[in-house]
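K.L.:
Can you keep this structure in mind? I'll have questions shortly.
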Amino acid sequence: MEEKTISISFQEFATIDDLPERDRALCNEAERALSSSYSPYSEFRVGAAIRLQSGKIIYGSNQENVAFPSGLCAERVALFTTGAQHTGDPIQSIAITARSDKFEIIAPVTPCGACLQVLGDFEQRQDRPIKVLLYCLGKNILVSEGAANFLPFQFIEQRLKKKNEV
């Protein structure tokens, strides 16, 4: 038996004003994306903004459905929109934020496992990590390079090996 350790790396900024201008602007765009959230059941709004290499910003917000599994998270809305409409324009960064009328959000909200899996797949497709900014409105921001810092055992194609054909 061999014991192994996985470590993650991220930066924490006390306020949005401490971020570089480019990242601050993307966090503000994620906050803007909250306005299109359809979340009448949870009243938990999530907004995501993606900056592409071209500089274009793609928005996503959570979209709920009365049949809960039929809804979709803000991150996947933004990622799938990018994949469907902006192929060939790599993702540089994604900012994610949330707001709720039911409770106070006291720390940055992280993407769910499914969203992290999709984010990791996009990183594999473009062969480079995507900067992730988790913005807690009016509070701190966590910044990390790549999905592996959140989901180190993501399912990726490189873990599969084709069998030799005879």
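K.L.:
Please go through segment 81-153 and write out the GluC sites (Glu not before Pro) that DSSP classes as loop and that have at most 15 other C-beta atoms within 10 Å.
P.N.:
Glu104
K.L.:
Follow-up. Just flag the chymotrypsin sites (Phe, Trp or Tyr not before Pro) in segment 46-142 sitting in loop per DSSP whose Cβ has no more than 10 other Cβ atoms within 10 Å.
P.N.:
When the chymotrypsin sites (Phe, Trp or Tyr not before Pro) of segment 46-142 are filtered for loop state and at most 10 Cβ neighbours within 10 Å, Phe103 remain.
K.L.:
Looking at the chain, send over the antiparallel percent of its DSSP beta bridges, to the nearest 5.
P.N.:
If we restrict to bridges inside the chain, about 80 percent are antiparallel.
K.L.:
Out of segment 1-86, which trypsin sites (Lys or Arg not before Pro) are coil in DSSP terms and have no more than 11 other C-beta atoms within 10 Å?
P.N.:
Hits after loop and neighbour filter: Lys4.
K.L.:
Picking from Ser93, Ser54, Ser70, which is most flexible by a Gaussian network model of the chain using Cα springs under 10 Å?
P.N.:
Maximum fluctuation in the GNM of the chain, among the listed residues, is at Ser70.
K.L.:
Please order Phe44, Phe10 by the number of other Cβ within 10 Å, starting at the fewest.
P.N.:
Going from sparsest to densest Cβ surroundings: Phe10, Phe44.
K.L.:
Let me ask something additional. Test of understanding: ordering Ile141, Ile105 by Cβ neighbours within 10 Å, fewest first, what list do you get?
P.N.:
The most exposed by this proxy come first: Ile105, Ile141.
K.L.:
Still on this model: Between 0 and 90 degrees, rounded to the nearest ten: what's the tilt of helix 113-126 against the longest Cα principal axis of the chain?
P.N.:
60
K.L.:
Further, regarding this structure: For segment 138-155, just list the computed ³J(HN,Hα) in residue order, Karplus coefficients 6.51, -1.76 and 1.60, θ = phi - 60°, integers in Hz, with x standing in for Gly and Pro.
P.N.:
x, 9, 7, 10, 9, 10, 9, 9, x, 5, 4, 5, 9, 9, x, 10, 4, 7
K.L.:
Which order results if Cys73, Cys112, Cys27 are arranged by neighbouring Cβ count within 10 Å, fewest first?
P.N.:
Lowest to highest Cβ neighbour count: Cys112, Cys73, Cys27.
K.L.:
What does the helix-only formula give at 222 nm for the chain: each DSSP H stretch with n ≥ 4 adding -39500 (n - 2.57), the total divided by the residues, and the result rounded to the nearest 500 deg cm²/dmol?
P.N.:
-7500 deg cm²/dmol
Bear in mind these aren't lab numbers, they're just calculated from the coordinates by the rules spelled out. Every value quoted in this text rests on a predicted model; they were computed, and no experiment measured them. With ideal geometry, Cβ positions are generated from the backbone for all residues, glycine too; neighbour counts draw on all protein chains shown.
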